[in-house]
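What follows is a set of notes on a single structure, which appears directly below.
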Amino acid sequence: MCSQIQVSDGLVFVRALEKEARQHRAVNHPYLHQLVAADVPDIQWALTDFVFQYSAYSFDFIRYLTATIAQMTHDPHRKALLQNLVEESGKIDAENVALLASMGIEQAWVDGVPHTELFLRYLNAAGVNEAYRRRTPYAEAAIHWRDQFFSLCFRKGPAQALGAMGLGTENIVKYIYQQLIRAMERHLDIALRDRVFFDLHATLDDQHGDTLLNITLDYAASEEEREQIREGMLAALNLRAAFFDALQARAMAIKPV
Ligand SMILES: [Fe+2]
């Protein structure tokens with residue numbers, strides 16, 4: 001009886017955090033709206049800059065996940081997250097193959113292809129070549145986001161890591177990617193196969209998010225852990241919002257060609 005009350009309490013708490021995350025500035029950032037509306041001096045420049053700078057963070061995703069897994073002390077938690085890790089290397093089960101097919105995504109485009117490679121495929125299609133990389137290093141804001149996010153998953157304990165990776169990331173990225181995909185569809189000529197990293201994550205991260213939420217629920221038993229979960233979530237969202245702020249300033253400073 002007592003544990004039932006705790007579980008349902010925890011669920012109410014986690015649901016409230018989900019709502020808070022969904023309403024956070026990082027998810028509804030004005031720069032995302034500007035990209036959809038092409039309300040920037042040079043939309044092609046801005047979208048390419050956005051994705052390239054985003055890659056500084058995204059290419060390290062396995063490190064964040066591995067750091068989080070390393071902090072899990074219960075076997076079922078570790079196993080569930082290892083499944084997410086396996087999927088990062090490109091493994092897709094039959095159910096998801098069918099789901100992706102319904103979106104026009106062919107199995108051969110993604111099956112067995114690590115997600116970092118899918119990201120690279122986008123960058124290549126967007127013209128991010130060696131010359132681009134030479135003249136455009138990663139911005140300080142991108143490096144800061146990458147390093148601070150890793151630190152959240154590695155140094156602040158399991159509850160903060162779960163808040164950062166689950167509620168603060170996997171549960172909200174689809175809302176961001178949906179806006180980004182809209183902007184790409186409107187303003188760039190990039191094929192679905194080349195853009196598939198974003199479409200894939202706009203769909204499959206829901207399942208990754210659910211896995212993390214279930215584990216988070218187990219951690220949401222005490223007041224102290226709940227605070228840690230919320231702190232991790234907000235830190236992740238604030239880092240993301242700060243990154244968007246910096247990219248917005250870069251894009252607005254560009255002189256139109
Ligand atoms: Fe991924």
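Read-outs: derived from the displayed coordinates by stated rules, not from any lab. From a predicted model like this one, the values you see are computed outputs, not experimental measurements. With ideal geometry, Cβ positions are generated from the backbone for all residues, glycine too; neighbour counts draw on all protein chains shown.
Look at the dipole of the chain built from charges on Cβ: of S8, A70, Y122, the Cα furthest out on the positive end belongs to Y122. Cβ crowding within 10 Å ranks T68, T116 as T116, T68, fewest other Cβ atoms first. Overall, the chain carries a charge dipole of about 680 debye about its Cα centre when +1 sits on the Cβ of Lys and Arg and -1 on the Cβ of Asp and Glu, all other atoms neutral.
Counting Cα-Cα pairs of the chain in 10 Å increments starting at 0 gives whole-percent bin shares of 7, 30, 35, 21, 6, 1, 0. Put one equal scatterer on each alpha carbon of region 103-154, apply the Debye formula with no solvent term, and list log10 I(q)/I(0) at q = 0.15, 0.21 1/Å to two decimals. Rounded to two decimals, the profile gives -0.67, -0.93. Each of I176, V110, H33 was scored by the projection of its Cα onto the charge dipole of region 13-253, and the greatest displacement toward the positive side belongs to H33; charges sit on the C-beta of Lys, Arg, Asp and Glu.
Taking the average, over residues, of other Cβ atoms within 10 Å as the packing measure, peptides 48-54, 104-110 rank 48-54, 104-110 from highest down. Could you tell me which helices of the chain pass both thresholds, a Cα extent of 27 Å or more along their own axis and a mean Kyte-Doolittle hydropathy of at least 0.0, with helices taken as whole DSSP H runs? Qualifying helices: 2-22. Among 211-220, 10-19, sorting by the average number of other beta carbon atoms lying within 10 angstrom of each residue, highest first, gives 211-220, 10-19. Let me make sure I get this right: for region 1-82, a, b and c are the square roots of the gyration tensor eigenvalues over alpha carbons, sorted descending. Under 1.5 in a/c it's rounded, otherwise prolate if a/b > b/c, else oblate. Which is it? The shape class here is oblate. Across all directions, the shadow cast by the convex hull of region 119-257 built on its C-alpha atoms averages 9.5 square nanometres. Helix content alone sets the calculated 222 nm mean residue ellipticity of the chain: runs of n ≥ 4 DSSP H residues at -39500 (n - 2.57) each, divided across all residues, give -24000 deg cm²/dmol.
Only Cα pairs under 8 Å and 6+ residues apart enter the sum, and on that basis the relative contact order of the chain stands at 35 percent.
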